[in-house]
Amino acid sequence: MKVVYVDNNATTKVDEAVFEEMRPYFCELYGNPSSMHFFGGQVQKKIDEARKRTAALLGALPEEIIFTACGTESNNAAIRSALEIFPEKRHIVTTRVEHPAVLTPCRNLSKRGYRVTELSVDGEGNLDLDELRAVVDEDTAIVSIMYANNETGVVFPIEEIGAIVKEKGAFFHTDAVQAVGKIPMNMASSTVDMLSLSGHKLHAPKGIGALYVRKGVPFRPFMVGGHQERSRRAGTENAAGIIALGKACEMAGDFLEEENTKVKALRDRLESEIVRLIPNVRVNGGGAVRLPNTTSVAFEFVEGEAILLLLNEKGICASSGSACTSGSLEPSHVLRAMGVPFTCAHGSIRFSLSRFSTDDQIDTIIRELPPVIHRLREMSPFGREFLQNK
Ligand code: PLP
């Protein structure tokens, strides 16, 4: 069975070129980059190159990049650092639609006496910047707001948000795990203090991420021990992963244009055909600025999990939202925050494309999906009623 993989916001295929770049650093060039000998030194040189490549994608300086194990670690490190730098400040601002990698640490901190404000979003998933302006105060240590939403693809106006945060003297962190490689960025002229990214969302392997920390922004490490990463993230470097991330970032820069033309055109075709062929569907966040690769579609009167199972039988791999919340029967917290009605939130499917997505794959989904939805509607009481009244 041919696999139609449209779950790239969960994880991506490692690009063959990225794999080739990292391959020698397992069995041949396995030295410790901190070692004094040439054997480790050559690995260090390659890590330096990877740092430059990662920084270049962000328009940042190499010394502003700290390699971590994943986006989750980067998010946790940023939030904890800000709270240590400002021990007297007890307020954190975030949003209701963040990934659990931000929401969970924030909610845990609220149990430890911190005041946490979770900003709401409107029906399209957009923030109200006046609400942000009203809640950030002198007690706010950090504002952590995602660049782009993993479920809907909705992109937040990060520079405007940063300008508001800066006026109040708080740190501004953005979880850009879904945005890096899809949206051009230039940290040199940005209001962002700290930014998280993750290798496995941009065709590098799992287990490597990075945290950008603007030069001059004080940082207190989360992981302490050795002097790796200029004492900002202890632990022997994941050399192969770092080298892979560097290559993946370089390639992401080269593919940025394609992401916003070819990938976007495929996404747009998929979306408009779904809306044309299937009654009672809505695109979650369809009226907002969105990532070029993502569409979240709500099918009324059907269960998302059931759709996924039937698509799975056809080799189509999509998702009912965040990979991290799947398995629970609760509808997505993102769609609930947007006020998507329960019957729609339950039947929402996310299709997320990549540069490896093809016209053929989109044709397959467009062919297989309408009968799947029809069949499921026939099986549900509300769905049957809807079909009868059509
Ligand atoms: N932030 C967002 C927006 C994500 O989509 C994800 C992963 O799905 C993460 C953070 C976590 O990244 P990682 O899997 O690298 O820990």
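The values are calculated or read from the model by the stated rules, or taken from the named source; none is laboratory data. All values derive from a computational prediction rather than experimental measurement. Note that each Cβ is placed from the backbone with ideal geometry, even for glycine, and that neighbours are counted across all protein chains shown. Just so you know, the surface numbers come from the protein's heavy atoms only, side chains and all, with ligands and any DNA or RNA stripped out. Shrake-Rupley method; radii C 1.70, N 1.55, O 1.52, S 1.80 Å.
Show that you can apply the helix-only estimate: for the chain, add -39,500 (n - 2.57) for every DSSP H stretch of four or more residues, divide by all residues, and state [θ] at 222 nm to the nearest 500.
Working: 15 runs with 163 residues, N = 390.
Dividing the helical sum by the residues of the chain leaves -12500 deg cm²/dmol.
Compute the angle between helix 38-58 and the longest alpha-carbon principal axis of the chain, please, reported from 0 to 90 degrees and rounded to the nearest 10.
50 degrees
Taking the convex hull of the Cα atoms, report for the stretch 63-151 its projected area averaged over all directions, in nm².
Values: hull surface 26.5 nm².
Value for the stretch 63-151: 6.6 nm².
For the chain, which whole percent of the accessible surface, found with a 1.4 angstrom probe, sits on carbon and sulfur atoms? It would help to have the intermediate numbers written out before the result.
Numbers: 8870 of 16290 Å².
Accessible surface attributable to carbon and sulfur in the chain totals 54 percent.
What is the chain by shape, rounded, prolate or oblate, if you read a ≥ b ≥ c off the alpha carbon gyration tensor as root eigenvalues and call it rounded for a/c under 1.5, prolate for a/b larger than b/c, and oblate otherwise?
On the way: a/c = 2.22, a/b = 1.37, b/c = 1.62.
Judged from the Cα gyration tensor, the chain comes out oblate (a/c at least 1.5, b/c at or above a/b).
Where does the Debye-calculated log10 I(q)/I(0) of the stretch 334-381 sit at q = 0.29 Å⁻¹, using only Cα point scatterers of equal weight, no solvent?
-1.03
Please identify, among 87, 157, 218, the residue showing maximal mean-square fluctuation in a Gaussian network model of the chain using a 10 angstrom Cα cutoff.
It is 87.
With springs only between Cα atoms under 10 Å, which of 366, 208, 92 fluctuates most in a Gaussian network model of the chain?
Sorting by GNM fluctuation, first place goes to 366.
Using DSSP to call loops (not H, G, I, E or B), can you name the GluC sites (Glu not before Pro) in the stretch 112-160 whose Cβ has at most 14 other Cβ atoms within 10 angstrom?
Numbers: sites: 118, 124, 131, 138, 151, 159, 160; in loops: 124, 138, 151.
In loop regions of the stretch 112-160 (DSSP not H, G, I, E or B), the sparsely surrounded GluC sites (Glu not before Pro) are 138.
Run the Debye formula on the Cα coordinates of the stretch 128-273, all scatterers equal and no solvent, and tell me log10 I(q)/I(0) at q = 0.13, 0.16 1/Å.
-0.70, -1.00
Using a Gaussian network model of the chain with C-alpha springs under 10 Å, which one of 81, 110, 357 is most mobile by mean-square fluctuation?
Highest fluctuation among the options: 110.
So what's the gap between the Cα centers of the stretch 180-213 and the stretch 214-257, to the nearest angstrom?
When both Cα centres are located, 10 Å separates them.
Out of the DSSP beta bridges found with both residues in the stretch 16-254, what percent are antiparallel (nearest 5)?
Details: 11 of 26 bridges.
The answer is about 40 percent antiparallel.
What accessible area per residue comes out for the stretch 16-254, rounded to a whole number of Å², with a 1.4 Å probe? Spell out each step's value before the answer.
Working: 9380 Å² over 239 residues.
Counting only protein heavy atoms, the per-residue value for the stretch 16-254 is 39 Å².
Using the basic label-point model (7 angstrom from Cα toward the beta carbon), what is the residue 206 to residue 32 distance in nanometres?
Label-label distance for residue 206 and residue 32, simple model: 2.8 nm.
For helix 158-167, report the angle its Cα long axis makes with the longest principal axis of the Cα atoms of the chain; keep it between 0 and 90° and round to the nearest 10°.
50 degrees
Under 11 Å from a point placed 7 Å out from the Cα of residue 133 along the Cα-to-Cβ direction: which residues of the stretch 143-178 have their backbone N that close?
Flagged as within label range: 164.
What FRET efficiency do you get for residue 104 and residue 305 if R0 is 25 Å and r is their Cβ-Cβ distance, rounded to the nearest 0.05? Please report the intermediate quantities before stating the final value.
Values: r = 23 Å, r/R0 = 0.92.
After rounding to 0.05, the efficiency reads 0.60.
What pairs from 168/201; 182/390; 89/215; 166/262 go past 28 Å between their alpha carbons? Show your work: numbers first, answer last.
Working: 168/201 33 Å; 182/390 40 Å; 89/215 22 Å; 166/262 36 Å.
Over 28 Å apart, Cα to Cα: 168/201; 182/390; 166/262.
Which lysines, on any chain, are close to residue 2 with Cα under 20 Å apart, when same-chain ones fewer than 8 places away are left out?
13, 314
Helix 71-85 versus the longest principal axis of the chain: what is the Cα-based angle in degrees, 0 to 90, to the nearest 10?
Rounded to the nearest ten degrees, it is 50.
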